[in-house]
Every structure is written in C-alpha cells, then in structure tokens.
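Step one of this worksheet: look at the structure below.
A short reminder: the numbers here are calculations on the coordinates, not readings from a lab. Quantities reported herein were computed from a predicted structural model and do not represent experimental measurements. Note: ideal-geometry Cβ built from the backbone for every residue, glycine included; neighbour counts use all protein chains shown.
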Amino acid sequence: MFEQLWQHFLGPLVDSLRYATLASYSWQEPRLLLLVPLLPLLFLARWALNHRRRARLGVAFVAGQVRRDWSALLRFIPDVVLFLSLAFGIVALARPQRTDERVVQTGEGVDILLVLDVSGSMELQDLRPNRLEAAKRVAQEFTNGRVGDRLGLVVFAGDAYSVVPLTTDYELLRESIAGLKLGMIPNDGTAIGSALGVATNRLRDSRSRSKICILISDGENTAGSLDPLTAAQLAHAYGLKLYTIGLGKDGIVPYGTDENGRPRFVETRLDETTMRQLAQAGDGQFFRATDNSALRQVFRQIDKYEKSEIKQTRFRNTKDYYRLYLFWCVGLWLAWLALKNTFLTNALED
C-alpha cells in the first residue's frame with residue numbers, strides 16, 4: 001500500500017523539488033520566475049507596515065534584558081510556509097513543461113558510389129596540395145551535404161577494391177576517405193574498367209530509384225582486363241548513372257622536388273575522349289577540373305542534379321507539470337491558514 005502511494009503520489013511530489021527536475025523543464029512563461037527572488041521584498045514591506053502601525057507600551061514588565069530562547073524562532077514558521085506557498089504558486093503559473101519531439105522521415109534516398117583513383121599520378125601538384133588530397137577533401141564535403149542517401153567508396157590503381165559498402169554511416173565514410181593514401185594499392189596503374197566493374201557489382205542489387213557512380217581519375221586506362229567502355233555499358237544496363245570527373249591539367253605540371261630541393265616537372269595527359277564516352281554510355285555527364293575551385297564546383301553541380309526526395313514530419317508532444325507545484329501551493333496555503341490559529345501566531349502583530 002505504501003509503495004503504491006509513494007509511486008503514484010508522494011514520489012512525484014518529492015521528485016518535483018529536485019534541482020535537476022526543475023532544470024529539465026522548458027517554461028511557457030519563464031519571466032514569471034523572476035518574481036520568486038522578489039518575494040522577500042514583499043515580506044519586508046509587510047513587516048515595515050506592521051512595525052509602523054504597531055501600538056507601543058511605555059512600561060517595562062521586567063528589569064534588565066529578556067533572556068532569548070530558541071522557541072521564539074517558531075513564530076517565523078507561518079511566514080516561511082506562506083513564502084513557500086507563494087513561490088510554488090509562481091512556479092505553477094510559469095507552466096513547467098517537457099516536450100518530446102519525434103521526427104519521421106519519408107521518401108527514398110539515392111545510392112551513390114564514389115570511385116576514386118589512388119594511382120601514382122595523383123601525386124601531381126597542379127591541384128593543391130596534390131590531386132589525391134584535393135579529391136579527398138571535396139569528396140568529404142560532398143558527403144557532409146547528403147541526407148538520407150547511402151554512400152559507398154571504391155578505390156583503384158592497377159587493381160580496384162571496394163573500401164566502404166553502401167551505408168548511411170557518413171562518419172565511417174569520412175574516416176575511410178581521410179585514410180586514403182598514395183601507394184595503398186601495390187600494383188600501380190589506372191584500371192578504370194576494373195573500377196567500374198567493382199562499382200557495378202556493388203550497385204546492381206540496389207533497389208533505390210536512383211543509382212549513381214562518380215568516377216574521379218586523372219589518366220587513361222593502363223591496367224586491368226576489363227575495357228572501360230564495355231564496363232560503362234554494363235553499368236548502364238544495371239541502371240547506373242555514371243558521372244566522370246577528369247582531374248588536372250594537360251602538359252607540364254609540378255611533381256615534388258629533386259634532391260637539391262628544386263621543383264620537378266613532368267608531362268601528363270588526360271584521356272578526355274574516353275572519359276566523355278564513359279559518361280555518355282552511362283547516361284551521365286563528364287566534368288573537367290583543372291584546379292581546386294573547379295573540382296569543388298563540379299561536386300556542387302552533381303549535388304544539385306542528384307537530390308533525394310526526403311520529407312521530414314515532426315511530431316511534438318508537450319506535457320504540463322504545473323499541477324505538482326499547484327498542489328504544493330494550495331497545500332502550504334492551507335497549512336499557513338491552520339498555523340494562524342495556533343500559538344505560533346503573534347497575536348499582537350496580527
């Protein structure tokens with residue numbers, strides 16, 4: 001019996017007095033709480049008015065000092081009870097509340113696979129600090145802007161590997177992109193056809209309304225056993241849309257420094273014709289990025305093309321807790337009225 005009384009009545013009342021409970025509320029009228037620190041002024045004004053109007057006797061009933069006794073403090077109990085009653089009344093008027101918000105997403109996201117070249121030529125420095133680091137940075141920014149989509153990562157050089165399967169764990173994807181480095185695939189080269197084959201294998205079973213493959217490379221196909229154009233046609237047959245991004249400038253570009261600290265230069269060329277054919281076969285689009293700004297603009301353009309149709313519905317459930325403090329207010333008010341008829345009341349003052 002006592003346990004049920006505590007659980008349904010006394011427990012919530014005691015819990016309502018805890019600071020952690022008060023701090024967890026949101027308040028509909030928070031400005032009213034400023035009245036609580038002003039309550040002592042109300043009692044001070046009451047005492048001042050009573051002191052001015054109180055009748056004074058010009059005789060002394062005892063000689064010398066009257067001995068002070070702790071029981072004299074009991075006469076302040078009614079005022080303390082009244083103060084607490086008014087304070088709880090103000091808290092109740094401020095309307096303490098808790099709001100639960102639930103977000104429901106409806107719609108379908110897009111499946112996107114990033115296919116990134118990590119071959120030795122990605123060390124060239126016509127993009128800063130080099131081609132690979134520039135591509136990694138922009139790919140992470142692209143990841144940050146997606147909501148509700150599944151993203152994956154395939155890397156390639158002379159061979160192609162799936163690093164991250166399609167996932168909505170964007171933090172995992174960002175960490176994996178940050179961990180990419182030159183030489184991570186021992187067999188150097190540029191196996192574009194093999195990379196598209198791995199991407200197709202990852203996306204072919206996807207049930208998403210839109211399956212996107214973004215291929216980022218800076219060279220021509222020099223490795224692998226699968227022809228890139230055949231791989232692009234196969235990808236299109238499985239419903240993949242292919243965007244190709246060609247990195248870097250043609251001609252003489254900087255490539256580190258020699259043993260004397262002087263900059264080295266090498267000649268490079270992008271097979272733009274093949275990259276365009278791949279995008280055309282994949283019903284996508286080819287982009288050329290010769291510097292960091294152009295690369296960033298390319299990803300922004302793709303981001304505009306491939307938007308998810310995700311709708312968010314918010315449900316708010318607000319629960320009031322003023323009744324607990326109103327109970328304290330009324331209960332203490334009744335206690336104050338009862339105390340006024342006891343020996344604790346100063347009859348001369350009232």
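Candidate cross-link partners of residue 136 among the lysines, defined by an alpha-carbon separation under 20 Å and a same-chain spacing of 8 or more, comprise 181, 249, 304. Under the simplified labelling scheme, the residue 46-residue 15 pair shows an inter-label distance of 3.3 nm, with each label point 7 Å from Cα along Cα→Cβ. Here residue 273 and residue 237 are evaluated by their C-beta separation; at R0 = 35 Å the FRET efficiency comes out at 0.95. In order along segment 87-101, phi translates into HN-Hα couplings of 5, 5, x, 5, 4, 5, 5, 6, 6, x, 9, 10, 10, 9, 10 Hz, rounded to whole numbers, per the Karplus curve 6.51 cos²θ - 1.76 cosθ + 1.60 with θ = phi - 60° and x for Gly and Pro. The H on the amide N of residue 28, modeled in the peptide plane, is under 5 Å from the matching H of 97, each at least 5 residues off or on a different chain. In this calculation the C-beta distance from residue 128 to residue 341 is compared with R0 = 56 Å, giving a FRET efficiency of 0.05. Computed from the C-alpha gyration tensor, the three semi-axes of the ellipsoid equivalent to segment 110-307 are 26, 18, 15 Å, from longest to shortest. Taking the number of Cβ atoms within 10 Å of each Cβ as an exposure proxy, the fewest-first ranking of 336, 27 is 27, 336.
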